[in-house]
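Working notes, structure below.
The values are calculated or read from the model by the stated rules, or taken from the named source; none is laboratory data. The structure displayed is predicted, hence computed values, not measured ones. Reconstructed Cβ throughout: ideal geometry from the backbone, glycine too, with neighbour counts over all protein chains shown. All accessible areas refer to the heavy atoms of the entire protein, side chains included, with ligands and DNA or RNA removed. Shrake-Rupley method; radii C 1.70, N 1.55, O 1.52, S 1.80 Å.
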Amino acid sequence: MPVEPPPQRALAPPSPGRTAVRLRNGRGAPPWILLYHSVTGTAGRADDPYRITVSPGLLDRQLRWLRDRGLRGVAVGELLRARAAGHGAGLVGLTFDDGYADFLTGALPLLRRHDCTATVFVLPGRAGGLNSWDPRGPRKPLLTEDGIRAVAAAGMEIGSHGLLHQDLTTADPVTRERETAVSRARLAELTGRAPDGFCYPYGGVDARAVAAVRAAGYAYACALDPGPLTGRHALPRVHIGAADTPWRLSLKRALHPLRRRALPPDDTPFAGPATPSGPGTPQSPAATATPGGTR
């Protein structure tokens, strides 16, 4: 049974201890990574119970808001490489979960307009299918195999969201391996390159899930709010929905480093193969957190 994204909570100030850790270790401050899903003209309608949709117009305004502040949205792999090299200032991670077909028509033209890239987390075992894991709908088509290749050819980073969108925190060992290692192998066959990134379905992450992702060879993984598991294989993100006006983005940006844990200072820096940074450039071959939020 899928877990709905949590409602917006009251934004409480962080504890003094957690704030101090971040101020002492600025390099370990959590990167700001935005979590999107579907981009169509139906954002905010009653048939979007999981709040997975933003309209192209809103995405356009959000990307313009970033650029007006000297920020640029990039794929997570590019963001982590830049941070490891010491020049990640001004970069914001952009992620799109589930691999909805409307990415090609609703999101990609806007990313190009604003000179941004993104990581698209896809489900190779459901290519060309529907988001049938969401019982309350709405039904949305997913990228076909040709669509996934087209996203990669457009200069976006392809990551895995699992094979069939299974919650790794409740999965047996065989399912965990299928969702992590088999999905990575399938994407390598499909695009000519094994993905560097993984995204935990439903945002559910625990120590077993992290271990499976590491064993499968991923360089990093994205969650929602992984708590004590925060690190390169459990990166926190901020859910973005139809209610997130530029004013709300400003608030979320200000509070993100205060409400998320710092990355561990001993976490191995990301040094994966370089991904083209400009739109239109093809990709070259080559403790338990509560589930919720990222679908």
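Tabulated data
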item	result
Residue count for segment 229-250, restricted to those that are in a helix (DSSP H, G or I), modelled with pLDDT under 95 and open to solvent by 10 Å² or more (accessible area, probe 1.4 Å)	4
Flag if Ala207 is surrounded by fewer than 23 Cβ atoms within 10 Å (Cβ to Cβ) and farther than 17 Å from Leu123 by Cα	yes
Among residues of segment 84-132, those that are open to solvent by less than 20 Å² (accessible area, probe 1.4 Å), more than 15 Å from the chain's Cα centre (by Cα) and polar (S, T, N, Q), counted	1
First in segment 220-234 and closer than 13 Å to Phe121 by Cβ, second anywhere and in a helix (DSSP H, G or I) and open to solvent by less than 40 Å² (accessible area, probe 1.4 Å), Cβ under 7 Å, 6 or more apart	Tyr220/Val76; Tyr220/Leu80; Ala221/Val213; Cys222/Val76; Ala223/Gly203; Leu224/Gly203
Residue within segment 262-285 that is open to solvent by 80 Å² or more (accessible area, probe 1.4 Å), among the charged types (D, E, K, R) and either within 19 Å of the chain's Cα centre (by Cα) or modelled with pLDDT of 90 or more (or both) present	no
Residue match in segment 182-195 (condition: open to solvent by 10 Å² or more (accessible area, probe 1.4 Å), on the phi < 0 side of the Ramachandran plot and in a loop (DSSP other than H, G, I, E, B))	yes
